[in-house]
Amino acid sequence: MGKKFPALLPEHEAFIKKQHMFFVGSAPLKADGHVNLSPKGHDVFRILSPTEVAYLDLTGSGNETSAHVEENGRITFMFCAFEGPPMIMRLYGTGRVVLPGTPEWEERIPHFELLPGARQLFVADIHTVQTSCGFAVPFLSYTGERETLKRWAVQKGEDGIRDYHRERNTLTLDGDMTPLGRRLSEAD
């Protein structure tokens, strides 16, 4: 078992800022529900305080995390050192979904570059930071971000993205409504 901390220390923040990707984990409460683990790239993660973080979520083929977080708040972030000294860092917290157009979105979005296809923000209060060795994580060299998702979102345009959200981002694999799906159904 690794070391545990109640909040991010300056060295934890420095480690996170060096990483080019992170993973987000969430799960519904029902025993037969799907656990979700998503890789995230681009410069979308922000440390707001030693116990509060957020990330700008871009449109993707699923929207599991939003429904899970709305249901139970549980969210985990994982960072791995693929370059330099080995380390894995997990941030365990209670999150919430922040949709565009809400007062909290307006308050939080200045912390981010607004990327094409931005879908929602996740803001999380961190209650445990855990570090572990990462000795088995391979070395991987960062050569750049994939621009495919950004190009896809620009090509779709706002109306196309909204249609895609309706088609692919309203329900989870388990059939649970997402916050974005609820908003879209209320708008119809």
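The values are calculated or read from the model by the stated rules, or taken from the named source; none is laboratory data. All values derive from a computational prediction rather than experimental measurement. Here Cβ is always computed from backbone atoms with ideal geometry, including for glycine, and neighbour counts include all displayed protein chains.
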Task: Condition met for GLY84 (exposed (fewer than 15 other Cβ atoms within 10 Å of the Cβ), on the phi > 0 side of the Ramachandran plot and in contact (Cβ under 8 Å) with a residue 60 or more places away in the chain) - done: yes
Task: Meets criteria (of a type in the set (Ser, Thr, Tyr), part of a helix (DSSP H, G or I) and modelled with pLDDT of 95 or more) for TYR164 - done: yes
- [ ] Scan segment 174-188 for residues that are acidic (Asp, Glu) and either buried (at least 16 other Cβ atoms within 10 Å of the Cβ) or free of Cβ contacts under 8 Å to residues at least 60 places away in the same chain (or both) and jot them down.
- [x] ASP176, GLU186, ASP188
- [ ] Any chance you could count how many residues in segment 88-104 are of a type in the set (A, V, I, L, M) and surrounded by fewer than 19 Cβ atoms within 10 Å (Cβ to Cβ)?
- [x] 2
Open item on the list: Can you find a residue that is within 20 Å of ILE109 (Cβ to Cβ), without any contact (Cβ under 8 Å) to a residue 60 or more places away in the chain and crowded, with 19+ Cβ neighbours inside 10 Å anywhere in segment 49-64?
Closed with: no
Task: Residue ID - nearest to the chain's Cα centre (by Cα), chosen from residues in segment 21-35 that are part of a strand (DSSP E or B) and under 22 Å from LEU99 (Cβ atoms) - done: VAL24
Task: Filtered residues of segment 7-48 (kept if surrounded by fewer than 17 Cβ atoms within 10 Å (Cβ to Cβ) and hydroxyl-bearing (Ser, Thr, Tyr)) - done: SER38
Open item on the list: Considering only residues that are of a type in the set (Gly, Ala, Ser) and out of contact with any Leu (no Cβ under 9 Å at 6 or more places or on another chain), which ones fall in segment 108-135?
Closed with: SER132, GLY134
